[in-house]
Amino acid sequence: MRVRIFEDYEQLSDSAARELLRQVLVKPHSVLGLATGSSPMGLYEKVSDACRRGLVSFARVHTFNLDEYRGVEPENPLSYHYFMQRNLFRHLDVPPSQVHIPDGLTQDPEKYCRNYEKDIMEHGGIDLQLLGIGRNGHIGFNEPGEPFGSGMHLVELHPDTRAANARFFDSPEEVPTQALTMGIKTICRARKIFLLASGVSKAPAIFQTLFGAIREDFPSTVLQLHPDVTLFLDRAAAQELEPVSGSFEV
Ligand code: F6R
């Protein structure tokens with residue numbers, strides 16, 4: 001895994017955005033795997049800006065989002081649909097028909113998940129997958145204990161994850177209990193993975209991701225097995241690593 005440590009979130013976002021733009025310039029019909037949450041917000045802002053300025057076009061790109069809450073309508077400001085629309089898609093020239101976000105309202109999650117997975121494959125697989133990370137090592141909504149062999153599926157959200165996401169809702173009880181998520185297997189099939197993390201609360205999870213025993217109890221440790229992963233960290237998220245600046249490979 002490549003580790004790149006930046007002075008702050010701004011620089012981390014800038015560098016990851018440049019790499020994503022490079023991917024689209026080199027392969028205009030790229031398939032991108034996207035995440036929500038606070039980690040990619042800066043990157044989305046910079047990518048949106050580049051597209052608005054005409055530096056790069058997303059007209060031929062296809063996107064597949066990692067996850068969505070179950071039972072939350074796309075128009076609901078708390079849905080991941082809404083998040084993506086607001087923070088990225090409305091600023092890009094990507095046609096809506098090329099944007100794929102799991103449907104949290106599906107009546108048949110099993111069939112829906114199978115088709116989502118198939119759809120990714122039919123588009124040639126994901127070229128670049130963006131990830132954030134939970135303090136418990138979750139990636140997507142793959143909580144500790146999730147089998148590494150899992151494809152897209154319906155999950156029960158871990159109390160820690162619900163607590164971490166409660167900041168977006170009026171009360172902790174309103175945080176959905178289920179979500180649809182790409183599985184570990186789906187994520188690991190991506191050709192290239194960028195994991196973004198900032199802030200000291202992520203530091204222990206980053207240490208585990210890089211140096212912890214590879215185990216289903218800490219989902220992000222699976223990334224040690226993937227051939228092309230880059231971690232974009234700010235100094236706070238990297239504080240348990242040595243050195244705490246620059247770039248290195250493990
Ligand atoms: C979001 C997702 C989650 C987040 C993770 C980190 O689509 O799948 O795994 O990436 O919870 O969230 P932030 O970035 O808000 O710290």
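Remarks
- Subset tally (residues that are within 11 Å of the ligand (Cβ to nearest atom) and surrounded by fewer than 17 Cβ atoms within 10 Å (Cβ to Cβ)) for region 149-161: 1
- Set HIS81, HIS91: member being in contact (Cβ under 8 Å) with a residue 24 or more places away in the chain, of a type outside the set (Asp, Glu) and either within 12 Å of the ligand (Cβ to nearest atom) or open to solvent by 30 Å² or more (accessible area, probe 1.4 Å) (or both): HIS91
- Of all residues in region 223-250, none satisfies the criterion of being acidic (Asp, Glu) and touching a Cys at 6+ places or on another chain (Cβ under 9 Å).
- Candidate set from region 30-78 (those that are open to solvent by less than 40 Å² (accessible area, probe 1.4 Å), small (Gly, Ala, Ser) and within 16 Å of the ligand (Cβ to nearest atom)); member that is nearest to the chain's Cα centre (by Cα): ALA35
- Inspection of region 40-60 identifies at least one residue that is in contact (Cβ under 8 Å) with a residue 24 or more places away in the chain, of a type outside the set (Val, Ile, Thr) and closer than 24 Å to ASP170 by Cα.
- Failed item, numbered, when VAL244 is tested on (1) open to solvent by 30 Å² or more (accessible area, probe 1.4 Å); (2) at pLDDT 95 or above; (3) touching a Lys or Arg at 6+ places or on another chain (Cβ under 8 Å): (2)
- Among the residues of region 9-29, those identified as in contact (Cβ under 8 Å) with a residue 60 or more places away in the chain, within 16 Å of the ligand (Cβ to nearest atom) and not hydroxyl-bearing (Ser, Thr, Tyr) are LEU12, ALA16, LEU20.
- In region 121-136, of all residues being under 13 Å from the mean Cα position of the chain (by Cα) and more than 10 Å from the ligand (Cβ to nearest atom), the one that is nearest to LYS202 (Cα to Cα) corresponds to GLN129.
- Residues of region 165-216 that turn out to be within 12 Å of the ligand (Cβ to nearest atom), surrounded by fewer than 19 Cβ atoms within 10 Å (Cβ to Cβ) and aromatic (Phe, Trp, Tyr), as a count: 1
- Restricting attention to region 149-208, the residues being at pLDDT below 90 and touching a helix residue (DSSP H, G or I) at 6+ places or on another chain (Cβ under 6 Å) number 2.
- Of all residues making up region 97-124, the number that are without any contact (Cβ under 8 Å) to a residue 60 or more places away in the chain and among the β-branched types (Val, Ile, Thr): 2
- Enumeration of residues in region 137-148 that are open to solvent by 20 Å² or more (accessible area, probe 1.4 Å) and either not acidic (Asp, Glu) or not in a loop (DSSP other than H, G, I, E, B) (or both): HIS138, PRO144, GLY145, PRO147, PHE148
- Inclusion of ASP127 among residues that are without any contact (Cβ under 8 Å) to a residue 60 or more places away in the chain and of a type outside the set (A, V, I, L, M) is not warranted.
The values are calculated or read from the model by the stated rules, or taken from the named source; none is laboratory data. For clarity, every value in this text was computed on a predicted model and none was experimentally measured. Positions of Cβ are generated from backbone atoms using ideal geometry, with glycine treated the same way; all protein chains shown enter the neighbour counts. The area values use the complete protein model at the heavy-atom level, side chains included, leaving out ligands, DNA and RNA. Shrake-Rupley method; radii C 1.70, N 1.55, O 1.52, S 1.80 Å.
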